[in-house]
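A short reminder: the numbers here are calculations on the coordinates, not readings from a lab. Because the structure is a prediction, the values reported are computed rather than measured. No Cβ is skipped: glycine too gets one built from the backbone with ideal geometry, and neighbour counts run over all protein chains shown.
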Amino acid sequence: MSLPKTLTIAGSDTSGGAGIQADLKTFQELGTYGMVSLTTIVAQDPDNDWFHRVYPIDTSTLEAQLDTVLKGIGVQAAKTGMLGSKEVIELVAKKLDEHQIEQLVVDPVMVCKGADEPVNPEMDAYLRDTLVPKAFIVTPNLFEASQLAQVSLPQSLEDMKAAAEKIYQLGPSFVIIKGGGDTGAEKSIDVLYDGNSFEYIESEKINTDYTHGAGCTFSAAITAELANGKSVREAIHTAKQFIQASIQDSFRLNEHVGAVNHTAYRHRAPQS
Ligand SMILES: Nc1ncnc2c1ncn2[C@@H]1O[C@H](COP(=O)(O)OP(=O)(O)O)[C@@H](O)[C@H]1O
Ligand SMILES: Cc1ncc(COP(=O)(O)O)c(C=O)c1O
């Protein structure tokens, strides 16, 4: 027997809800064999309001990991998350090109939810110009969409559609902007754009602040389903159900943060 293989190129979230931890848990829950190329380590400071500190991994260590997986094993689908520097973005783009990874999900992580990270506009611009054009699917939240599209923060579905059109011009095959809990809409609505038409991917909005890891989990679920041979639309619909279940069963970690529950889809998945 063998399993479809997935790769996450992302940071380690020491607190376990986001980053490679979220990705590997999700890859496994959806029946794929998950592998990692680690870009950064994030540690949260318990004595300083849970401040997120980012410790980069040097590029030669990252390159050795990418070679292990891409050259030594091979994958059906890959995703990127927190990358951390221009050098890392450049290396990742080069390796993905070299190995012709077509099913690539780019989660353009620019900021950690709930943490007032300093934004790095120079790196964000580099991500936009170097990696986003290679993406099969790019999955920005509202803030990341505003940075990629170079527009102000989308406030409505119409704003999200306009931003999606601009991001599509950068070169990815599909753009999905996550409205999540953040738009004024009554539901949680993400906007999918394929260059021709828009689709709203909807679910009930859950009234909780415990959403640490939601973005990573959503993009990892899309990646796993692509590796499982699903179409883009099937993959996105399953990912939406997976994240909905994970947020429904999310839980408190401490006074600063609550994380999504990656095991929830097991018992909450719609029965077919
Ligand atoms: N309160 C919520 N209720 C239902 N779905 C949500 C909620 N918050 C986020 N989501 C969904 O979770 C996924 C990740 O979105 P989001 O949390 O905005 O990403 P990020 O972690 O990148 O900021 C999206 O599908 C979004 O619609
Ligand atoms: C390594 C890493 N990647 C990504 C994120 C972003 O997480 P989220 O999915 O909550 O947006 C975080 C947040 O702490 C992180 O530590």
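A few comments on the model shown:
- All Cα-Cα separations within the chain were binned at 10 Å from zero, giving a P(r) of 7, 32, 39, 19, 2, each value a whole percent of the pairs.
- If R0 is 41 Å, the Cβ-Cβ spacing of THR263 and SER60 corresponds to a FRET efficiency of close to 0.70.
- Spacing of the modelled spin labels on HIS99 and LYS187, each 7 Å from Cα toward Cβ, amounts to 3.8 nm.
- Once the Cα-Cα distance is subtracted from the 0.36 nm per residue extended length, the GLN155 to ASN120 segment shows a gain of 10.3 nm.
- 31 Å Cα-Cα threshold exceeded, pairs from LYS94/LYS166; LYS71/LYS178; LYS71/LYS166; LYS95/LYS178; LYS25/LYS71; LYS94/LYS205: LYS71/LYS178; LYS71/LYS166; LYS94/LYS205
- For region 152-164, the Karplus equation 6.51 cos²θ - 1.76 cosθ + 1.60, evaluated at θ = phi - 60°, returns couplings of 6, 4, x, 10, 8, 5, 5, 4, 5, 5, 5, 5, 4 Hz by residue, with Gly and Pro reported as x.
- Under a Gaussian network description of the chain, with springs only between Cα atoms under 10 Å, the residue in MET160, MET110, MET123 that fluctuates furthest is MET123.
- In region 1-150 the Cα-Cα distances spread across 10 Å bins starting at 0 as 11, 43, 36, 10, 1 percent of all pairs.
- Protection proxy ranking, peptides 16-24, 1-9, average beta carbon neighbours within 10 Å, highest first: 16-24, 1-9
- Computed 3J(HN,Hα) for region 234-242, one whole-Hz value per residue from the Karplus formula 6.51 cos²θ - 1.76 cosθ + 1.60 where θ = phi - 60°, is 4, 4, 5, 5, 5, 4, 5, 5, 5, glycine and proline marked x.
- Ellipticity estimate at 222 nm from DSSP helix runs (n ≥ 4, -39,500 (n - 2.57)) divided over the chain, nearest 500: -10500 deg cm²/dmol
- Distances between placed amide hydrogens fall under 5 Å for VAL36 paired with THR8, all partners being 5 or more residues away or on another chain.
- Taking amide H as placed 1.01 Å from N in the peptide plane, SER12 has its amide H under 5 Å from the amide H of ILE20, THR39, THR40, ILE41, VAL42, each at least 5 places away in sequence or on another chain.
- Charge dipole of the chain (Cα centre as origin; +1 on each Lys and Arg Cβ, -1 on each Asp and Glu Cβ, all else neutral): 760 debye, rounded to the nearest 20.
- In nm, spacing of pseudo-spin labels at ARG53 and GLU202 (7 Å Cα→C-beta vector): 4.6 nm
- Using R0 = 25 Å, the C-beta based FRET efficiency linking LYS71 and SER173 works out to 0.50.
- Per residue convex hull volume, Cα atoms of region 62-181, in Å³: 107 Å³
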